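Report on one structure; see the data block that follows.
The values are calculated or read from the model by the stated rules, or taken from the named source; none is laboratory data. If you're wondering where the values come from, they're calculated on a predicted model, not measured in any experiment. Here Cβ is always computed from backbone atoms with ideal geometry, including for glycine, and neighbour counts include all displayed protein chains. Just the protein is used for accessible areas: all its heavy atoms, side chains included, with ligands, DNA and RNA removed. Shrake-Rupley method; radii C 1.70, N 1.55, O 1.52, S 1.80 Å.
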Amino acid sequence: MDASVYEKLGRFYLGGRYDLAAGEHIAEPVLYDSKDLTTHAVCVGMTGSGKTGLCVALLEEAAIDGIPAIVIDPKGDLSNLLLTFPELRPEDFSPWVSADEARRKGVTREEYAAAQADLWRKGLGQWGQDGERIARLKEAADFAVYTPGSQAGLELSILRSFDVPEPEILEDGDLFRERVSTTVTSLLGLVGIVADPVQSREHILLSTILSNAWRNGESIDLPRLIQSVQDPGVQRVGVMELETFYPSKDRMGLAMRLNAVLASPSFEAWTRGEPLDIANLLYTSEGKPRVSVLSIAHLSDAERMFFVSTLLNRFVGWMRTQQGTTSLRALLYMDEIAGYCPPVANVPSKAPLLTLMKQARAFGCGVVLATQNPVDLDYKGLSNAGTWFIGRLQTERDKERVLDGLEGASQGSINRRDMDRMLSALTGRVFLLHNVHEDEPVVMHTRWVMSYLRGPMTRDQIKDLMADRKAMVQQLSQADSGTAPLPAAIPSARGPERTQAPVVEASPAPVLPDWLESYYLPLKRQPANAMAVEYQPGVLGSATLRLWDRSLDVDEQRDRRLLSLIGDGPVGVNWERADDVVVEADDLDSSLPEPGAHGGLPSVALKKTTYTKWTRAFKASLLDGPGIVLYKSPSTGEVSKPVESEREFRLGQQMIARERRDAAVEKLRARYAPKLATLEERLRKSEQKVDVQKGQARDAAVSSIFSTGAALLGALLGGKKVSATNVRRSGTAARSVSRTARERGDIKRAEESVEAVEERLRDLEAEFERELERAEEMPDVMHETLERVELPPRKTGITVRHVSLVWVPFWVTGGGERIPAYERRAVDRAQGL
């Protein structure tokens with residue numbers, strides 16, 4: 001099969017049509033519209049049905065199309081997505097083939113790897129694929145394996161804190177209550193408490209604590225939660241006194257159970273690594289789509305439930321911050337849903353999962369759920385799934401449950417008997433594809449996947465797989481977290497160089513004139529190696545910048561606070577080399593925060609006129625400084641919002657490009673559909689006419705034979721006498737022969753008409769495919785060069801609030817190093833404010 005037949009953006013190549021009656025594959029690809037996944041999908045099949053291969057193929061196609069995915073992997077199979085070898089060399093396969101399987105076959109590991117490489121090359125070739133397509137897959141997306149609660153893969157921090165939900169969740173009463181309830185239920189499950197949200201006092205107390213903290217905008221970590229259990233900060237729960245509802249002695253028992261989690265050696269693994277951030281799981285920092293495999297096979301049942309419910313809640317929160325779209329934005333895939341959406345029990349994962357099934361479509365998020373256990377599913381809840389992939393099933397009971405689910409999804413429009421018959425005839429890698437967006441179900445054979453399916457991967461294998469990636473992440477983490485201490489000479493973060501002040505005992509600040517006030521910057525947390533604090537004189541300038549452009553409908557304000565140490569020269573302050581700092585007016589304090597030595601105050605800082613000069617210079621530096629930088633996409637013509645980063649803008653433009661592509665394809669199909677239908681109907685009628693003409697020709701030929709035969713017999717048997725009867729018979733025979741000739745001519749003309757209609761239909765289909773290919777082309781907004789639109793500061797838009805004398809704190813280490821004890825903010829002029 002040629003790649004041009006199936007390689008189309010927005011259409012997933014999942015396999016080919018399959019003839020159940022003949023038991024053979026038909027050379028016609030099955031292309032699935034990506035946007036159909038916004039109505040979600042369910043994949044059901046017993047062990048050996050090919051379910052994993054089908055779902056891997058779907059994830060591969062999504063990655064090639066630039067669709068990111070979060071893959072929840074309870075069994076360890078989906079880490080195979082990272083086993084992609086474009087060159088298909090035996091040495092690439094060798095580390096990952098099963099040594100046990102090689103021994104069973106009586107060959108060496110190297111020989112078995114060579115056989116597997118050859119198998120994959122041939123399998124891909126049968127479906128029109130090759131190593132070049134594997135290379136495209138690897139280039140299209142970033143693939144990573146995370147192992148929460150384990151150091152095998154990339155680590156995820158889950159228990160570091162229970163963060164305040166997104167504003168969209170806080171403002172929606174139902175979603176907020178659902179977030180609180182599922183968080184508490186999963187946390188209690190982690191400590192072995194099965195709690196009823198309505199009757200359990202443990203659940204009610206923790207829900208009260210979380211609700212109060214979150215409504216006050218406060219995240220809460222586990223140590224604080226344990227303290228709050230002992231002292232919740234409320235006197236009543238409902239109408240009852242706290243001590244009556246839940247005595248302190250009993251609360252201590254709950255606190256002890258939660259503390260056991262905190263004290264557990266395994267707890268640390270839940271606090272290390274990247275924070276659980278959905279956006280980072282879906283995209284790299286550069287905006288490249290990511291397929292994040294979350295392997296949880298190593299976790300206990302309670303830990304799995306805690307992690308899955310937490311992840312689903314975070315996904316709902318992230319989803320609600322996205323703009324609505326009709327195109328596919330992202331995928332959430334779960335490889336085994338049984339136990340997480342049961343028909344009766346109300347487990348913590350069920351509520352957020354059903355919320356996604358009901359609401360995710362509006363935000364372009366597709367949910368794909370797979371299972372080999374179709375009995376333990378809430379089919380009523382899954383009735384929102386628009387696509388069902390059904391493979392071979394193990395029992396009649398399984399089949400009946402799936403048919404029930406199909407009827408719910410199609411609102412009773414399926415023919416249950418026909419479906420039953422087809423399901424009974426399915427074999428390995430053959431699936432029934434039922435899509436509510438299509439006119440009829442399709443029986444398909446799955447294609448060969450590009451990823452090497454070696455089976456479930458152990459923690460050691462995942463560790464080997466992610467070793468290089470983890471080393472790179474660790475290096476970046478160390479670089480980001482490392483403090484860069486100022487050299488002992490304190491050249492002022494960037495200001496004029498000052499002479500090193502020796503470390504001395506705490507000394508008071510110099511006496512200032514009555515007209516001059518000084519303030520202290522707030523202290524950052526003290527590093528472990530800091531021995532003392534030292535204060536150096538500096539100047540803090542605070543201003544508000546208004547930046548606007550009416551043509552772009554932009555009118556923004558930005559606050560800037562610049563800090564410069566005071567030098568000994570005649571000017572004393574260089575605003576061009578000042579630090580941007582994070583400090584509010586309320587944070588400044590005229591009293592000493594902590595005893596420490598004070599540096600000398602240059603005489604220039606004691607002159608009133610100096611501050612007037614510094615204020616003018618501060619305003620001038622702001623005028624020459626950065627403004628707002630916006631980005632314009634040449635492909636879409638859209639301009640970024642002032643609050644958007646380049647990454648966020650590119651991702652947004654990618655969605656706009658995908659929406660425009662999908663809309664153009666739909667419009668094109670709507671325009672050509674009636675034309676194609678008309679020609680197909682004309683072809684059907686022309687073929688019917690040929691059949692009619694052939695029937696008439698057969699009748700005429702038979703009549704002609706009988707008439708001619710009768711005339712000959714009459715002439716022969718009538719002797720020499722030429723009778724009128726014989727003459728009439730001869731005329732009839734002649735007319736029959738003539739009619740037969742005419743009928744043959746009619747057949748020829750009818751067949752020519754069929755050929756003409758077929759040719760017009762082929763031309764129209766070719767024209768449609770050409771236009772479709774053009775419509776499916778999508779600009780590469782992730783890599784195009786964006787135009788920069790700069791909104792520089794204007795003199796009339798700068799309002800200086802104050803220029804003040806401040807004491808700038810530095811932590812002093814035993815080795816004499818000075819570490820800034822104030823919070824700086826990086827401002828890149830190229831990126832703007």
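Annotations
- Degrees separating the helix 350-359 axis from the principal Cα axis of the chain, which is the longest one: 70
- To the nearest 10, the accessible area of Val191 is 20 Å² with a 1.4 Å probe.
- Count Lys and Arg as plus one, Asp and Glu as minus one, and take only other residues whose Cβ is under 14 Å from that of Val436; the net charge is then -4.
- Spatial separation of Cα centroids for the stretch 316-358 and the stretch 166-214, in angstrom: 18
- Per residue, the accessible area of the stretch 615-655 comes to 41 Å², computed with a 1.4 Å probe over protein heavy atoms only.
- Residue among Pro456, Leu683, Phe85 farthest towards the positive dipole end of the chain, charges placed on Cβ: Leu683
- Separation of the stretch 783-816 and the stretch 16-58, taken as the distance between their Cα centroids, equals 56 angstrom.
- Per-residue SASA entry for Thr38, accessible area with 1.4 Å probe, Å² rounded to 10: 10
- Farthest positive-ward along the stretch 283-333 dipole, Cα basis, beta-carbon charges - from Phe307, Leu294, Gly324: Gly324
- Computed log10 I(q)/I(0) for the stretch 342-465 at 0.11, 0.16 Å⁻¹: -0.48, -0.94, from the Debye equation with unit scatterers placed on every C-alpha and solvent omitted.
- For the stretch 144-196, GluC sites (Glu not before Pro) meeting the loop criterion (DSSP other than H, G, I, E, B) and having at most 12 other Cβ atoms within 10 Å: Glu171.
- Cα-Cα separations in the stretch 46-181 greater than 19 Å, expressed as whole percent: 66
- Share antiparallel - DSSP beta bridges, the chain, percent rounded to 5: 65
- Inter-site label distance for Asp418 and Thr108 at 7 Å from Cα along Cβ, in nm: 5.7
- Fully extended contour minus Cα-Cα distance, from Thr612 to Gln126, at 0.36 nm per residue: 166.9 nm
- Length released on extending from Leu764 to Ser266, taking residue separation times 0.36 nm less the Cα-Cα span: 172.8 nm
- FRET efficiency, 1/(1 + (r/R0)^6) with R0 25 Å, evaluated for Asp589 and Val827 via beta carbons: 0.50
- Gained length - Thr47 relative to Arg525, 0.36 nm times residue gap less alpha-carbon distance: 166.6 nm
- Residues Thr147, Thr799, sorted by accessible area with the largest first, give Thr799, Thr147 [1.4 Å probe; ligands and nucleic acids excluded].
- Rg over Rh for the stretch 219-295 works out to 1.20, using Cα positions for both radii and the Kirkwood form for Rh.
- FRET efficiency for Glu777 and Asp376, using Cβ-Cβ distance with R0 set to 45 Å, rounded to 0.05: 0.50
- In the chain, the portion of solvent-accessible area held by carbon and sulfur atoms comes to 50 percent [1.4 Å probe, whole percent, DNA, RNA and ligands not counted].
- Spacing of the two label points (7 Å from each Cα toward its C-beta) at Asp231 and Arg550, in nm: 5.9
- Computed over the stretch 563-614, Kirkwood Rh from alpha-carbon pairs, angstrom: 13.1
- In this rough spin-label picture, where each label sits 7 Å from Cα along the Cβ direction, the Arg201-Asp172 distance is 3.4 nm.
- Angstrom value of the Kirkwood radius, inverse mean 1/r, which spans all Cα pairs in the stretch 161-294: 16.4
- In this entry, the stretch 755-833 is assigned a mean projected area of 13.6 nm², taken as a quarter of its C-alpha convex hull surface.
- Dipole moment magnitude, nearest 20 debye, the stretch 46-138 about Cα centre, only Lys, Arg, Asp, Glu C-beta charged: 220
- Remark on the stretch 262-384: Rg and Dmax equal 15.3, 47 Å (Cα only).
- Net dipole in debye of the chain [+1 Lys, Arg Cβ; -1 Asp, Glu Cβ; about Cα centre; nearest 20]: 2540
- Whether the stretch 495-653 is rounded, prolate or oblate, judged on the alpha carbon gyration tensor where a/c under 1.5 counts as rounded: prolate
- Nearest 10 degrees, 0 to 90: helix 416-425 Cα axis against the chain principal axis: 90
- Proportion of all alpha-carbon pairs of the stretch 160-206 beyond 11 Å (%): 68
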